[in-house]
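Q: This is the structure, below, for whatever I ask next.
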Amino acid sequence: MKKAGNIFSVSIGICMLGMWSTFLFTGQVKEIGTEPFRIAAYLFSEGITAIVLILGGLLSLKHSICGERLHFVSLGMLLYSVFTAGGYYLQLNNAAMAMMFGMFFLPTVVFIISNLAIRQLPQ
């Protein structure tokens, strides 16, 4: 389960970077013109989340203690990100995107619980 969580994190991090790059380069981020500071802060937090997901997942795959902790933190960051994104798309009445983020929410919770369970096992 731990390896699956690491691969999930790396994959989601790469997809986040790819998704936002695509949205930005194709002009699909309308808030740049209307709310530049808010969207810049949001994009910064999404970028940091993606980078931490990738680093935490890769370092944890190498059995680094720091990487395992970073991976756990990154899952919390992802949980917040998918929860707020789901709410954003619900507000826009975009059920398909809201459901997609809901489908990312569930495995994120499972991997967080899995990480907690692994940490609680006696050594």
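Q: For the stretch 94-106, state whether one or more residues are surrounded by 16 or more Cβ atoms within 10 Å (Cβ to Cβ), in contact (Cβ under 8 Å) with a residue 40 or more places away in the chain, at negative phi and touching a Phe, Trp or Tyr at 6+ places or on another chain (Cβ under 8 Å).
A: Checked the stretch 94-106: no residue is surrounded by 16 or more Cβ atoms within 10 Å (Cβ to Cβ), in contact (Cβ under 8 Å) with a residue 40 or more places away in the chain, at negative phi and touching a Phe, Trp or Tyr at 6+ places or on another chain (Cβ under 8 Å).
Q: Could you tell me whether any residue of the stretch 2-22 is more than 13 Å from residue 71 (Cβ to Cβ), open to solvent by 70 Å² or more (accessible area, probe 1.4 Å), assigned to a helix (DSSP H, G or I) and out of contact with any helix residue (DSSP H, G or I) (no Cβ under 9 Å at 6 or more places or on another chain)?
A: Within the stretch 2-22, one or more residues are more than 13 Å from residue 71 (Cβ to Cβ), open to solvent by 70 Å² or more (accessible area, probe 1.4 Å), assigned to a helix (DSSP H, G or I) and out of contact with any helix residue (DSSP H, G or I) (no Cβ under 9 Å at 6 or more places or on another chain).
Q: Further question: Going by what's in this entry, would residue 64 be described as touching a His at 6+ places or on another chain (Cβ under 8 Å), under 14 Å from residue 3 (Cα atoms) and of a type in the set (S, T, N, Q)?
A: No: the conditions fail for residue 64.
Q: Okay, moving on. Of everything in the stretch 48-66, what is buried (at least 18 other Cβ atoms within 10 Å of the Cβ) and not hydrophobic (A, V, I, L, M, F, W, C)? Give them in sequence order.
A: Passing the criteria: 49, 56, 57, 60.
Q: Which residues, taken from the stretch 25-47, are aliphatic (A, V, I, L, M) and surrounded by 13 or more Cβ atoms within 10 Å (Cβ to Cβ)?
A: 29, 32, 39, 43, listed by residue number.
Q: Which numbered condition trips up residue 32, out of (1) modelled with pLDDT under 95; (2) farther than 22 Å from residue 92 by Cβ?
A: Status for residue 32: all satisfied but (2).
The values are calculated or read from the model by the stated rules, or taken from the named source; none is laboratory data. Everything quoted here is computed from the prediction, not taken from an experiment. Ideal geometry is used to build each Cβ from the backbone, glycine not excepted, and the neighbour counts take in all protein chains shown. Please note that ligands, DNA and RNA were not included when accessible areas were found on the heavy atoms of the full protein model with its side chains. Shrake-Rupley method; radii C 1.70, N 1.55, O 1.52, S 1.80 Å.
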